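Structure record follows, encoded as structure tokens.
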Amino acid sequence: QVQLVESGGGLVQPGGSLRLSCAASGRTFSITDMEWYRQVLGKQRELVAIITSSGITNYADAVKGRFTISRDYDKNTLYLQMSSLKPEDTAVYFCVAHSRYVDYWGQGTQVTVSS
């Protein structure tokens, strides 16, 4: 089993920055790719960014150039650096860890972008 705990969400003004963290514990050696998703109430979850086990990253068009996903293997932590935030980035952000047979989800952290 892998446990994921997100943190770093909050209220930020448009144009501001936040860094989300996702701390992994348990069988972390089984984790391969990791992702950030986000969800607005009443809408489908949206893939925001992915980082593979080899460090390859990819982003949704809506966040390219503004968000950066990274991973610290020593700390077993996934990050999402978000800058130039817009009101439409408001959502609950989830981290996901993939292993060979199971996908693990965190509980989510709320990000609200508003003046």
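The values are calculated or read from the model by the stated rules, or taken from the named source; none is laboratory data. Remember, it's a predicted structure, so these values are computed and weren't measured experimentally. Cβ atoms come from the backbone with ideal geometry, glycine included; neighbour counts cover every protein chain shown. Ligands, DNA and RNA are excluded from the accessible area calculation, which covers all protein heavy atoms including side chains. Shrake-Rupley method; radii C 1.70, N 1.55, O 1.52, S 1.80 Å.
Fully extending the segment from residue 47 to residue 70, taken as 0.36 nm per residue of separation minus the present Cα-Cα distance, adds 6.8 nm. Here segment 5-48 exposes an accessible surface that is 51 percent carbon and sulfur, computed with a 1.4 Å probe and the other protein chains kept in place. Computed over segment 67-109, the percent of Cα pairs more than 13 Å apart is 67. Residues of segment 19-37 with an amide N closer than 17 Å to a point placed 7 Å from the Cα of residue 101 along the Cα-to-Cβ direction: 27-32. Restricting the calculation to alpha carbons of the chain gives Rg and Dmax of 13.4, 43 angstrom. In the context of the full set of protein chains, residues of segment 1-66 present 58 Å² of accessible surface per residue (probe radius 1.4 Å, heavy atoms only).
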